[in-house]
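The structure appears below as structure tokens.
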Amino acid sequence: MHSLVRRYIKTAIAFLVLGLAIGTRILIRREIFLRPPSLYEVSAHTHAILVGFVMMMILGVALWLFPRAERGERQYDPRLAAAAYWLLTIGTAGRVASELARAFSAALWLRSTVVTGGLAQFAGIVLFFFTMWPRIRSAGSHIREARGEKF
């Protein structure tokens, strides 16, 4: 397993733990102290789990399992997959932290951080799939299909 794949998957697990911690805090405050979560806490929890864990895990496994790029392919570039990792990781961490802080402040710099984190998440996911597009192809199944094999 390539080091970038491990980085995606281990980061996904870290976001899972963070998301579970936020969710546990929300649960205890809601059920024990009868304090419902703010929309910002729900958003932070959702982004930690769905983008930080689920999306990062999907991207890491895709990077690991998809067929290698064909020789001479210029669109696939491991450096772009690494840049996508950093955009997604920093964007998600920044968004989660700033969403949690937004529950206490409406400062412009904080609102801007939420938006910047979201834009980084968007850019990271788009960049990942841009660079992976050539790897989303048949790796021999077209030959088996031509022989009549059913999947």
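The values are calculated or read from the model by the stated rules, or taken from the named source; none is laboratory data. Source: prediction; values computed, not measured. Ideal geometry is used to build each Cβ from the backbone, glycine not excepted, and the neighbour counts take in all protein chains shown.
Here is how the numbers come out for the structure above:
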| item | result |
| --- | --- |
| Subset of region 18-32 (residues that are more than 10 Å from Gly52 (Cβ to Cβ) and assigned to a helix (DSSP H, G or I)) | Leu20, Ala21, Ile22, Gly23, Thr24, Arg25, Ile26, Leu27, Ile28, Arg29, Arg30, Glu31 |
| The lone exception for Leu63 - which of (1) more than 20 Å from Leu18 (Cα to Cα); (2) surrounded by fewer than 16 Cβ atoms within 10 Å (Cβ to Cβ); (3) in contact with a helix residue (DSSP H, G or I) (Cβ under 9 Å, 6 or more places away or on another chain) it fails | (2) |
| Identity of the residue in region 1-42, among the polar types (S, T, N, Q) and free of Cβ contacts under 8 Å to residues at least 24 places away in the same chain, that ends up nearest to Trp64 (Cα to Cα) | Ser3 |
| Qualifying residue in region 82-97 (condition: outside any loop (DSSP other than H, G, I, E, B), aromatic (Phe, Trp, Tyr) and within 18 Å of the chain's Cα centre (by Cα)) | yes |
| Residue identified as surrounded by fewer than 19 Cβ atoms within 10 Å (Cβ to Cβ), modelled with pLDDT of 95 or more, over 17 Å from Leu16 (Cβ atoms) and out of contact with any His (no Cβ under 9 Å at 6 or more places or on another chain) among Ser138, Ser112, Ser98 | Ser112 |
| Residue within region 133-150 that is in contact (Cβ under 8 Å) with a residue 24 or more places away in the chain, out of contact with any Phe, Trp or Tyr (no Cβ under 6 Å at 6 or more places or on another chain) and closer than 15 Å to Ile58 by Cα present | yes |
| Criterion violated by Met55 - all others in (1) touching a Ser or Thr at 6+ places or on another chain (Cβ under 6 Å); (2) closer than 29 Å to Leu110 by Cα satisfied | (1) |
| Options Arg68, Arg74: the member that is within 19 Å of Val5 (Cβ to Cβ), among the basic types (Lys, Arg), more than 17 Å from the chain's Cα centre (by Cα) and at pLDDT below 95 | Arg68 |
